[in-house]
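> What follows is a structure written as structure tokens; I'll ask about it next.
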Amino acid sequence: MISSLSGNSPAFKQADYSQRPPLVPENDFEQKTQQDTELKAAKAPSADDKKNGQLSDEELKVVSELKQRDAEVRTHEAAHLAAAGGIAVSGASFSYQQGPDGIRYAIGGEVGIDTSGVPGDPAATLRKADTIRRAALAPAEPSGQDMQVAANATAMAAKAQAELFQKNQDSQNGDKDRQGTQIDLAA
């Protein structure tokens, strides 16, 4: 089983948009500074305000990039799933990043597929290798991991093809051995 057909790494920095709890002041000066900080924090937009569209230009840019990445990741993994058919052992799973708007966006994903051969049946293994290769290369822009899976499937197909060839050779040689040579001894 391949745990990941998509090895794209996120192009976004992980950011913590939560507010940190205030430190406990040790003296009057620190207490006064703490009160000023609390007043500023109270005036700052809350998470609810941000959900209602009060994001800075920089935060809006991050949200836009996260939305675009989310759409790309979901499309990429859907292509793998559609092409994998019966060899998919799981649906798509995603890794998420929370945006400044409080919404979680998919920034990476994977689809589990069964990449084992079919024991004792090189023809079935050959068909399965073709399905694996098609599933790996299904997205418009396959990742490095996708390309590696496709290469492994190509190697599996070559091995199965060689086994089929050998099986055919053995069966043809077996027929000749059974026919034997006929000699006309009557003279």
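> Just rank TYR96, TYR105, fewest to most, by other beta-carbon atoms within 10 angstrom.
Working: TYR96 16, TYR105 23.
Result, fewest neighbours first: TYR96, TYR105.
> Give me a comma-separated list of calculated 3J(HN,Hα) values for the stretch 69-78, in order, Karplus coefficients 6.51, -1.76, 1.60 applied at θ = phi - 60°, integers in Hz, x for any Gly or Pro.
Result, rounded to whole Hz: 5, 4, 5, 4, 5, 5, 5, 4, 5, 5.
> Follow-up question, since we're still on this one. Among 108-119, 81-92, what's the highest-first ranking by average C-beta atoms within 10 angstrom per residue?
Values: 108-119: 18.2, 81-92: 15.1.
My ranking of the peptides, most packed first, is 108-119, 81-92.
> In addition: What full-extension length gain, to one decimal in nm, is calculated for ARG74 and ALA158 as 0.36 nm per residue of separation minus the Cα-Cα distance?
Details: separation 84, 0.36 × 84 = 30.24 nm, distance 3.19 nm.
Extra length available between ARG74 and ALA158 comes to 27.1 nm.
> If I take R0 = 22 Å and measure r between the Cβ atoms of SER95 and GLU141 in this structure, what FRET efficiency does the formula 1/(1 + (r/R0)^6) give, to the nearest 0.05? Walk me through the numbers before you get to the answer.
Numbers: r = 18 Å, r/R0 = 0.83.
Computed FRET efficiency for SER95 and GLU141 comes out at 0.75.
Every number in this text was worked out from the coordinates using simple rules, so none of it is lab data. All values reported here derive from a predicted model rather than from experimental measurement. With ideal geometry, Cβ positions are generated from the backbone for all residues, glycine too; neighbour counts draw on all protein chains shown.
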